[in-house]
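None of the figures in this text is laboratory data; all of them are computed from the coordinates on show. None of these values were measured; they are calculated from a predicted model. Cβ coordinates were reconstructed from backbone atoms using ideal geometry, including for glycine residues, and neighbour counts include every protein chain displayed.
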Ligand SMILES: NC(=O)c1ccc[n+]([C@@H]2O[C@H](COP(=O)([O-])OP(=O)(O)OC[C@H]3O[C@@H](n4cnc5c(N)ncnc54)[C@H](OP(=O)(O)O)[C@@H]3O)[C@@H](O)[C@H]2O)c1
């Protein structure tokens, strides 16, 4: 029997666009109450309308996940309004382009502070509430680039490898608190981050869409509490 998600409370970082937005909408349809974090108030415009149309309960908070103080405040505001969180989806992430020799240190700082320290700050803020409840789900979005380095992706790849390492260690530490930590390593998904990157990028049937990933996340969250998927790699079937 799958468990119902009705009435659960989820925080999604980067919940305003792309994979985070699609996941927020899919969770809202399951009756989940939402806290969404992104850096710009404006980026919430479209999801706000869609969630209101669905009659969803949600709160948006502007914070940069790389900034610990901003994260603590945003999580506090969200928990004050929704209560302790059941689900955390660490999804906010940024990319960068350039070979190792081209990439300035400032780009390394931006990518690592968002993609790695962002996960650390948000998880640190949310975890105590989950431990108190003796239950929770944390899904960290890494990438296929977290399994394999490719030309021009040293900083992004390093950040996504780090997400896998920290997720697996955290998983081992908190499974005794009934907290399920899992990590997803999707290949190309058509979003603002990747638009135009695939050779067939104008053909939505050729690539995994954000909604497909959201559907997978829902099915994973619905698994009986006694079991979970540790890592999952969602790929496009025939993107050629
Ligand atoms: N698309 C792909 O092919 C793909 C594949 C594998 C993994 N991923 C991973 O999936 C995640 C989501 O990617 P996406 O393609 O959906 O990206 P996207 O369309 O660019 O959306 C990124 C989201 O994160 C927010 N965000 C970015 N930096 C932030 C920060 N410092 N603090 C708070 N929010 C921040 C953005 O809002 P603001 O700009 O307003 O802050 C936006 O809501 C990322 O971690 C990415 O690495 C993507």
(request) Please sort 68-76, 98-106 by packing, taking for each peptide the average over its residues of neighbouring beta carbons within 10 angstrom, highest first. (result) 68-76, 98-106
(request) Please list 21-27, 81-87 highest first by mean number of surrounding beta-carbon atoms within 10 Å per residue. (result) 21-27, 81-87
(message) Given a Förster distance of 41 Å, report the FRET efficiency between residue 80 and residue 240 from their Cβ-Cβ distance, rounded to the nearest 0.05.
(response) 0.25
(message) Counting only helical runs of four or more DSSP H residues, what would the 222 nm mean residue ellipticity of the chain come to if each run contributes -39,500 (n - 2.57) and the total is spread over all its residues?
(response) -13000 deg cm²/dmol
(message) Output the 0 to 90 degree angle, nearest 10, between the alpha-carbon long axis of helix 18-29 and the longest principal axis computed from the alpha carbons of the chain.
(response) 20 degrees
(message) Full-extension gain between residue 109 and residue 2, please, as 0.36 nm times their residue separation minus the C-alpha to C-alpha distance.
(response) 34.4 nm
(message) If you split all Cα-Cα distances of region 71-176 into 10 Å bins from zero, what percentages do you get per bin, shortest first?
(response) 15, 42, 28, 13, 2
(request) Using R₀ = 35 Å, calculate the FRET efficiency as 1/(1 + (r/R₀)^6) where r is the Cβ-Cβ separation of residue 131 and residue 192; round to 0.05. (result) 0.50
(request) Figure the gain on full extension for residue 53 and residue 73 (residue separation times 0.36 nm, minus the Cα-Cα span) and round it to one decimal in nm. (result) 4.4 nm
(message) To test your reading of the geometry: what angle, between 0 and 90 degrees and rounded to tens, separates the Cα axis of helix 210-221 from the longest principal axis of the chain?
(response) 40 degrees
(message) Nearest 5 percent is fine: what portion of the DSSP beta bridges confined to the chain is antiparallel?
(response) 0 percent
(message) Below 8 Å, C-alpha to C-alpha, sequence gap of six or more: please give me the relative contact order for region 9-232 in percent.
(response) 20 percent
(message) To test your reading of the geometry: what angle, between 0 and 90 degrees and rounded to tens, separates the Cα axis of helix 105-115 from the longest principal axis of the chain?
(response) 30 degrees
(request) Take the alpha-carbon centre of region 1-36, take the same for region 87-129, and report the distance between them in whole Å. (result) 21 Å
(message) 7 Å from Cα along Cα→Cβ at both residue 99 and residue 223: what's the point-to-point distance in nm?
(response) 4.2 nm
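When N is the residue count of the chain, what does its C-alpha Rg come to as a fraction of 2.2 N^0.38 Å?
Relative to the 2.2 N^0.38 Å estimate, the chain comes out at 0.96.
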